[in-house]
Amino acid sequence: MLRMVSARTPATSRPGTPKIGLRERKKIQTREAIRRAAYRLFEEQGYDATPVDQIAEAADVSPSTVFRYFPTKEDIVLTDEYDTVLEAGLRARPADEPMVESMRRVAVEALRELTAADRGELVQRIRLVRDVPAIRGRTAENIARDTALISAVLAERTGRPADDLELRVISAAILAALQEAMLNWIAGGQRAELEALIHRTMDVLARGLTL
């Protein structure tokens with residue numbers, strides 16, 4: 001779920017990192033064109049009423065191209081080319097920093113880098129996760145993948161094995177808390193600042209789940 005607030009700039013294009021090649025840039029542009037077309041159609045006529053053929057036509061690609069980049073329609077919402085942002089962000093934090101604080105900083109930094117258009121897409125994406133059963137069911141795969149990623153970083157910091165139960169519990173709890181913060185933001189009509197909700201959520205975890 002944290003990838004929902006990932007900055008819309010690939011890590012490889014940031015200052016001090018190698019530039020991506022022309023072929024990879026074209027792939028990213030195609031994925032973005034498909035995603036933008038899909039979100040526009042989902043907004044206009046609903047997720048279930050939007051077939052992949054229509055998305056392909058709107059993005060000016062073939063249906064086979066859509067499926068090459070996104071094996072299922074749900075993947076258009078749930079996957080992107082920025083999956084390394086979370087891992088890179090965590091590894092850039094001090095090794096002795098509590099994981100709750102590391103995740104707080106990574107999430108807040110990603111939010112601050114979002115453009116207005118990105119925020120609009122973020123709102124739509126979270127609504128789709130909330131409202132579409134097929135997408136909501138698939139989020140479990142992303143959460144499991146991110147739990148494993150966070151556990152691996154924690155394992156490096158602590159010297160414990162990545163499958164250590166306590167590491168998995170901490171990782172899963174952080175991700176579940178962030179998901180609740182974003183769902184609460186949408187349920188409240190985005191009246192509250194998402195950054196403030198993330199801080200509040202991380203504060204609950206940092207104080208040991210006490211009220």
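Below is a table of values for the structure above.
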quantity	calculated
Whole-Hz ³J(HN,Hα) from phi, Karplus 6.51 cos²θ - 1.76 cosθ + 1.60, for the range 155-169, glycine and proline x	4, 5, 6, 9, x, 8, x, 5, 8, 4, 4, 5, 5, 5, 5
Helix axis angle, 116-131 relative to the chain longest principal axis, alpha carbon, degrees	90
Choice from Asp75, Asp118, Asp48 showing the highest fluctuation, given a GNM over the chain with Cα pairs closer than 10 Å	Asp48
Per DSSP, loop trypsin sites (Lys or Arg not before Pro) in the range 130-211 with at most 13 further Cβ within 10 Å	Arg191, Arg207
Nearest 10 degrees, 0 to 90: helix 99-112 Cα axis against the chain principal axis	40
Unit charges at the beta carbon, dipole of the chain: most positive-side option, Ala177, Ala56, Thr158	Ala56
Per-residue [θ]222 nm for the chain (sum of -39500 (n - 2.57) over DSSP H runs n ≥ 4, rounded to 500)	-22500 deg cm²/dmol
Of Val106, Leu149, Val204, farthest towards positive along the dipole that unit charges on Lys, Arg, Asp, Glu beta carbons give the range 102-211	Val204
Size of charge dipole - the range 155-211 - debye, nearest 20, with Cβ of Lys, Arg +1 and Asp, Glu -1, no other charges	120
Prolate/oblate/rounded call for the range 52-211, Cα gyration tensor, a/c under 1.5 rounded	prolate
Average accessible surface area per residue within the chain, 1.4 Å rolling probe, Å²	52
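The values are calculated or read from the model by the stated rules, or taken from the named source; none is laboratory data. Worth saying up front: this structure is predicted, and the values here are computed from it rather than measured. Note that each Cβ is placed from the backbone with ideal geometry, even for glycine, and that neighbours are counted across all protein chains shown. Each accessible area value is taken on the protein alone, full model and side chains, heavy atoms only, with ligands, DNA and RNA left out. Shrake-Rupley method; radii C 1.70, N 1.55, O 1.52, S 1.80 Å.
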